[in-house]
Amino acid sequence: MEEILRVEHLTKVYENGILANDNVSISVNRGEIHAICGENGAGKSTLMKVLFGLEQPEQGDIFVKGEPVRIQSPSAAIKLGIGMVHQHFMLVDRLTVAENVVLGNEPRRGILIDREAACRVTEELGRKYNLEVDPTALVADISVGLKQRVEIIKALLRGAEILILDEPTAVLTSQETRELFEELRHLRDAGHTILFISHKLDEVKALCNRVTIMRGGRTLGTYELEGLSKSDISRMMVGRDVVLKIEKEPASPGAVELSVRGVEYWSELGKKMIDGVSFDVRRGEILCIAGVEGNGQRELVELITGLRSGGAGSAKLRGTELLGRPIRAARKLGMAHIPSDRMVYGVASSQSVKFNILAGKVEDARYTGKLLFRDRAIDRDMEALARAYTVKCTSADQTVGMLSGGNIQKVVVAREMSQEATLLVADQPTRGIDVGAAEFIRRRIVEMRDAGVAILLITADLNEALELSDSIVILHGGKVVAYFADTRALTEEEMGYYMLGVKSQTPEEVEGAVHAS
Amino acid sequence: MHHDLSGQSAGNEALNPSAQQQRDPHRGPAGKGGGLGAPRDINSRFELIRMLVAILIGIAITALVIFAVSDTPLESLRYMFIGPATTPRYFFNVLELMLPLVFTGVAISLCFSAQQFNLTAEGIFFFGGMVAAVAAITTKLPDGLHPFFCILLAGLAGGVIGAIPGLLKYRWNASELVISLMLNYVCFSVSMYVIKNHFRDKDAGAIVSYLFEKTAVLDKVVAKYRLTTGGVVLAAAVCLLAYLFMYKTRWGFSVRAAGANMNFTRYTGLNVAFAVIGSQVLSGVVAGMGGAVEMLSMFTRFQWAALTGYGWDGVIVAIFARNNPRHVPLAALFLAYLRIGADIMMRRTGVQMEIVKVIQAIMIVLLVAESFLAKTRHRMVVREATRESIVAEEVA
């Protein structure tokens with residue numbers, strides 16, 4: 001086996017101080033499909049960005065075909081025969097497939113672009129590698145799978161021998177995924193090398209020859225996939241057997257805290273996003289709103305928490321209307337809210353940890369006198385909260401923006417959970433953070449439930465929805481299509497049927513989400 | 001030039017209040033690791049280094065320019081950088097110039113902290129001077145009270161004007177920057193109209209007002225210099241109060257939160273209306289008071305014929321002070337020292353005092369340029385990160 005690419009002792013530190021790659025080494029052979037596996041934030045994407053010249057490493061050596069190289073820019077990478085297919089396609093929608101393929105090195109006739117030559121080149125490449133596309137179609141009109149194919153052709157036209165695919169199947173249907181795999185195998189047999197980044201273990205097993213596993217910015221090693229089971233890979237990725245069971249007693253719900261009735265919402269384009277949604281959240285229970293992205297849960301939670309205005313219907317917190325009232329009022333009534341986007345809403349990233357935790361408590365008599373803050377109490381309690389929520393920072397005076405994603409989320413959670421709230425709206429509370437932090441946050445949510453807080457959970461993670469919540473409301477097309485009072489008997493498959501609109505419950509069953517009070 | 005002893009000792013006295021206002025906030029828990037100041041970490045350390053380097057480069061380039069244009073470069077440099085400290089008169093000139101800069105610097109810091117780019121301080125300073133002048137001409141009050149009544153009135157007027165861009169921004173999301181720039185002309189024209197048509201002293205040659213009541217003029221620290229005790233005390237008080245407001249109260253907290261992230265401010269239930277409108281009103285109050293103090297310190301009748309430029313200087317001061325009122329006196333002293341130094345140099349050696357603009361321009365460009373010294377910062381971050389070995393938990 002001939003080695004085509006080798007990375008030795010590579011280290012990359014981002015501006016915010018995150019050590020994304022820590023002494024990473026990897027060796028890739030010609031003509032293999034090499035998987036890079038790791039959790040979110042393990043450093044896979046960073047390594048690929050370095051290889052494609054998008055990021056510059058602090059230390060380390062890269063060898064292509066045995067020669068030491070410095071990859072200063074994507075064009076340098078392309079010259080070395082390294083091509084990349086990004087997660088988000090870099091195509092111009094208003095141009096045709098052929099125009100996109102030749103963009104940057106267009107065949108010319110005089111001062112004009114030779115469109116015929118562009119089409120010819122595209123078709124030839126397509127035939128050669130079994131990647132058929134219609135060169136005259138507008139990119140805006142073709143499917144996601146075809147767009148990806150165009151990206152691959154683009155890279156091949158520029159002479160890519162090593163192709164980097166960053167989570168290519170995330171956007172594909174299962175049919176498209178199968179086709180992609182066929183194409184990739186064909187490319188491999190033609191002598192190309194493919195770096196395949198994924199955390200879908202089935203796909204890795206089905207497609208790849210070898211796998212390199214990354215964890216916490218380091219490479220753990222490279223393994224032949226033959227003889228390696230999925231649970232072996234998963235164990236190495238996470239560093240221990242994944243515990244998805246959350247220890248909790250059955251809920252003992254109390255009085256209704258939040259009562260949502262007949263909420264409707266139209267988008268600016270006049271589309272009805274929420275269509276008569278009603279449910280109750282009781283004290284001491286975790287109610288989850290689940291649904292495929294774009295089925296109204298985003299709008300619903302923003303209406304309830306006050307981030308969005310303009311809905312119809314009512315959402316009452318212990319009898320007081322929330323819709324159309326300022327967020328200040330809802331918070332004074334006892335609502336806490338972990339927002340889905342921590343950088344947009346959750347933190348003031350240029351301020352300190354202390355500042356961010358205090359933000360919800362500035363009117364608390366413990367922290368302010370009639371005029372001035374009680375500095376000593378603030379210092380003591382904010383430090384204590386940062387510690388209690390295991391925020392990893394040098395001190396509470398550190399800038400929040402310098403922390404990692406998981407720790408920033410813990411700052412948000414520390415503030416919202418120490419608010420003495422009676423209703424907690426937890427919107428994607430563990431999205432994009434490491435396993436340890438996610439587990440910590442889930443445990444705290446259960447503790448709050450046990451202390452009698454009503455919890456409204458919104459999550460796209462089915463596993464989390466099933467494990468964490470006591471009951472589930474499923475939205476599809478802006479309507480409640482199912483209500484499960486008890487999640488213990490529910491499976492992911494069953495949820496999937498409702499979320500995708502395959503099944504829906506009768507109005508009587510859905511009525512169960514509304515508790516007579 | 002005579003070095004009279006009384007002048008010198010008075011000079012020290014005059015220095016004390018301003019020195020104190022820099023020291024005051026350091027006392028108590030605010031000084032060490034406590035309170036809610038700006039974050040303290042590698043970033044804040046880096047910012048300090050960046051500022052010092054910017055100042056050094058500015059001075060170095062100025063020195064080069066002086067060498068290029070002056071016949072006696074060493075002498076010119078000496079006048080410019082040491083001149084202001086050589087005689088009490090010069091030093092008092094520095095302090096006299098520093099006072100209006102402290103007021104406008106605090107005014108600009110207040111609204112910039114909330115990311116409200118309200119530049120009416122320029123117009124309000126002028127308007128405040130006019131209001132104080134009118135009050136000083138038309139009212140009769142006891143000696144100690146009179147100037148402070150005039151200053152208070154000017155502050156109120158400033159607050160009202162400052163509220164205009166604030167309200168329009170909050171209610172209709174109108175750009176406070178554009179409105180405040182336009183308002184400066186309104187302030188100027190209205191002030192000139194009032195003076196010309198109602199309070200013009202026709203016996204005087206130029207367009208000036210009647211003389212102020214003797215009781216309305218602030219008392220000098222020393223008879224022969226124009227620095228006034230009332231002005232110094234008020235400037236110190238304004239810095240201290242603005243600092244306490246911004247870093248020690250919940251209202252100031254919402255102002256700083258709004259400056260950092262407006263979405264966050266709204267989402268956490270902080271008072272957004274106060275952050276937007278209040279910061280601009282307070283800024284107006286301080287600028288108005290500044291104009292009044294200047295008017296009742298330096299003049300005996302209203303004789304401004306053009307905008308003073310102190311509002312714009314306030315922007316420079318605020319940039320150097322990083323919008324922290326606690327650092328405003330030092331920043332104002334620095335700018336005033338440079339200006340007086342350049343003035344001395346011009347009078348002694350003929351090098352134009354506009355040279356000071358070169359220093360200002362270079363320093364401001366370097367300070368606001370995000371990527372200046374970015375590599376150094378990155379090296380500092382890398383050193384920190386590899387030392388603490390923070391393992392990445394999420395990669396953008």
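Only the coordinates and a few stated rules stand behind these numbers; no lab work does. Everything numeric in this text was worked out from a predicted model, so none of it was measured. Note that each Cβ is placed from the backbone with ideal geometry, even for glycine, and that neighbours are counted across all protein chains shown.
Listing for the model above:
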read-out: Order of A:E249, A:E299 under a 10 Å beta carbon neighbour criterion, fewest first; value: A:E249, A:E299
read-out: Global form of the range A:69-189, assessed from the alpha-carbon gyration tensor, a/c cut-off 1.5; value: oblate
read-out: Kirkwood hydrodynamic radius of the range A:351-493, from inverse mean 1/r over distinct Cα pairs, in Å; value: 16.7
read-out: Equivalent ellipsoid semi-axes - Cα gyration tensor, the range A:96-167, angstrom; value: 20, 14, 11
read-out: DSSP H segments from chain B that extend 18 Å or more along their own axis, Cα-based, with Kyte-Doolittle mean of 1.6 or above; value: B:42-69, B:121-138, B:229-248, B:355-368
read-out: The range A:153-199: radius of gyration over Cα atoms, expressed as a fraction of 2.2 N^0.38 Å; value: 1.14
read-out: Highest-first arrangement of B:276-287, B:337-348, where packing means the average Cβ count within 10 Å; value: B:276-287, B:337-348
read-out: Average Cα contact separation per residue, the range A:352-415, under 8 Å, 6 or more apart, as relative contact order %; value: 46
read-out: The range A:337-375 and the range A:42-108: distance between their alpha carbon centers, rounded to Å; value: 42
read-out: Kirkwood-type radius of the range A:352-415, with distances r between different C-alpha atoms, in Å; value: 11.7
read-out: The range A:60-133: equivalent-ellipsoid semi-axes (sqrt of 5 x gyration tensor eigenvalues, Cα, Å); value: 28, 15, 14
read-out: Cα-based equivalent ellipsoid of chain B: semi-axis lengths in Å, sorted from largest, via gyration tensor; value: 35, 29, 20
read-out: Convex hull of Cα atoms in the range B:33-182, direction-averaged projection (nm²); value: 15.2
read-out: Expected 222 nm ellipticity per residue - DSSP helices of 4 or more, -39500 (n - 2.57), all of chain B, to 500; value: -23000 deg cm²/dmol
read-out: Where Rh is the Kirkwood radius over Cα pairs, Rg/Rh for the range A:467-517; value: 0.95
read-out: Cα extents of the range A:1-127 along the three principal axes, largest first (Å); value: 49, 38, 26
read-out: Proportion of all alpha-carbon pairs of the range A:3-238 beyond 23 Å (%); value: 49
read-out: Percent RCO, i.e. relative contact order, over the range A:3-238, from Cα pairs under 8 Å lying at least 6 residues apart; value: 28
read-out: Global geometry of the range A:305-407, whether rounded, prolate or oblate, following the gyration tensor of its Cα atoms and the 1.5 cut on a/c; value: oblate
read-out: 5 angstrom amide H check on A:I274, placed H, neighbours 5+ away; value: A:Y265
read-out: Lysines with Cα under 17 Å of A:K128, excluding same-chain neighbours fewer than 8 positions away; value: A:K154
read-out: The protein assembly as shown: translational diffusion in µm²/s, Stokes-Einstein, Kirkwood Rh over Cα pairs, 4 °C, 1.567 mPa s; value: 40
read-out: Structure-based [θ]222 nm, chain A - -39500 (n - 2.57) summed over DSSP H runs of at least 4, per residue, nearest 500; value: -9500 deg cm²/dmol
read-out: Set of lysines with alpha-carbon distance to B:K202 below 30 Å, sequence-local pairs under 8 removed; value: B:K140, B:K214, B:K220, B:K224
read-out: For the range B:177-240: rounded, prolate or oblate by the Cα gyration tensor [a/c cutoff 1.5]; value: oblate
read-out: Whole-angstrom Cα spans of the range B:32-76 along principal axes, big to small; value: 53, 15, 10
read-out: Peptides A:220-230, A:152-162 ordered by average Cβ neighbours within 10 Å, highest first; value: A:152-162, A:220-230
read-out: Summed residue charge, Cβ within 12 Å of A:M214's Cβ, Lys/Arg positive, Asp/Glu negative; value: +1
read-out: Share of Cα-Cα pairs in chain A lying beyond 40 Å, as whole percent; value: 35
read-out: Length-normalised contact order for the range A:1-89 - Cα pairs under 8 Å, 6+ apart - percent; value: 31
read-out: Exercise: per-residue mean of other protein chain Cβ atoms within 10 Å, A:343-356; value: 6
read-out: Antiparallel bridge percentage (DSSP; both residues within chain A; nearest 5); value: 55
read-out: Violating pairs (Cα-Cα greater than 19 angstrom) within the set A:K272/A:K479; A:K271/A:K316; A:K12/A:K44; value: A:K271/A:K316
read-out: Residue mean of other protein chain beta carbons inside 10 Å, A:94-106; value: 0
read-out: Neighbouring partner chain Cβ atoms per residue of B:244-257, average, 10 Å criterion; value: 4
read-out: Hits among aspartates and glutamates - C-alpha to C-alpha of A:K205 under 15 Å, sequence gap 8 or more where chains match; value: A:E32, A:E167, A:E182, A:E224, A:E226, A:D232
